[in-house]
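Some notes on the structure that comes next.
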Amino acid sequence: MRLTNILREIDGDEDGKQQMKVNYDLAIYPTNIKAALDALNNTKNYGIYAQNMRDPKAIIKAFGPSIPAQKAGAAWKDWDTRSDDEKAFKITDIKNRHPEVWETVSKETEPGYDNWKSEGGRGTLEEYLYTISGKSLPKDIIGRYGVNYFPMKTPDNLKKYGGKLEQDVHYIVKDEKIIFPFTLENPYKTKPYLSKVLKTIMDNANIEFKLVDIEQSGEDTPKVIEKPEAVVIPPLTVTTDTLDQLDKVIKMFQKEIGDVPTSKYAKEAIELNGERKYKLTVTGISKDQRQKLLITKTTIRENNEFDMRNMLVRAGIIK
């Protein structure tokens, strides 16, 4: 399920009525709303997702380079690295900060948009913008020295674009639910990513909750769609004779699945059959990633058994 705010296409009637889109916002439905709000307000619950704005790279990502002349180029590159959901967030953010420029953007984009539709493109003007490169964006989306694309670095904006989620900045509270409207910028961008962050925060605070989708249909009582339970991925364990061997296994695993932000590699010394061993427990990975590591683990074990047999043969213990 896509996270920021899901845009679900609904087919039009047979008489050719235009298709409409229904917006869905992610929400936390806790058993104790006050405890959940306190959890969001405590950065200790954020785990690895805390302190985004202390990272210089995160500051540059949010506010652009400190040198004004570099901001336009940085904006082009930033746009090209964004997913469609993240581009939608950026456009919404620009509209909210500079509503006066959007009419100019629409007029400037119209010829390219019409040409795109004549060549078979389907979608809104904003969806057309997703298809073009950062350097080809209308000038007013970027602004002189990137002033429209990047927000100013102010104390208020550090809160808004920082790692900590703030009420009425990133979310609203309504009907005993904590709702993250797609119209509000949030520092965790995509909906799957935000879901992981919220689950980490609530779990660390021992809050009972459900993640739900709220349909923004304009009705007095919006439709609540309960999200399916997440698949539980069991930890993967490896035991070695030495700590050096364990560190080599970790390097092999990381080479196999790359840098996974949610992964954790926990090492501990254990007693096994009266001997000191070292155990690795890997968590925070997907089902497919675990399967890859399981294959790597089997390969390591087979190689070790082969090396051990060769050593015993050379020692004359076995033939």
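The values are calculated or read from the model by the stated rules, or taken from the named source; none is laboratory data. Owing to the predicted nature of the structure, the values given are computational and were not obtained by experimental measurement. Positions of Cβ are backbone-derived with ideal geometry, glycine not excepted, and every protein chain shown enters the neighbour counts.
Got at least one residue in the range 120-143 being among the polar types (S, T, N, Q), at pLDDT 85 or above, over 27 Å from Ile60 (Cβ atoms) and exposed (fewer than 14 other Cβ atoms within 10 Å of the Cβ)? Yes.
Tell me, please, whether a residue that is part of a strand (DSSP E or B), modelled with pLDDT of 80 or more, more than 21 Å from Phe89 (Cβ to Cβ) and out of contact with any helix residue (DSSP H, G or I) (no Cβ under 6 Å at 6 or more places or on another chain) can be found in the range 56-70.
Taking every residue of the range 56-70 in turn, none turns out to be part of a strand (DSSP E or B), modelled with pLDDT of 80 or more, more than 21 Å from Phe89 (Cβ to Cβ) and out of contact with any helix residue (DSSP H, G or I) (no Cβ under 6 Å at 6 or more places or on another chain).
If the condition is being part of a helix (DSSP H, G or I) and either among the hydroxyl-bearing types (Ser, Thr, Tyr) or at pLDDT 90 or above (or both), then the range 144-190 contributes Tyr145, Tyr161. The conditions of being farther than 30 Å from Ile201 by Cβ, in contact (Cβ under 8 Å) with a residue 12 or more places away in the chain and not in a helix (DSSP H, G or I) are not met by Ile141. Screening the candidates Lys297, Lys267 for the property of being closer than 30 Å to Lys199 by Cβ, part of a helix (DSSP H, G or I) and either at pLDDT 65 or above or touching a helix residue (DSSP H, G or I) at 6+ places or on another chain (Cβ under 6 Å) (or both) yields one hit, Lys297. Scanning the range 210-263 for residues that are at pLDDT 85 or above and of a type in the set (Gly, Ala, Ser) yields a count of 2.
Take Asp307 and tell me if it is at pLDDT 85 or above, outside any strand (DSSP E or B) and farther than 29 Å from Lys199 by Cα. So Asp307 fails the test.
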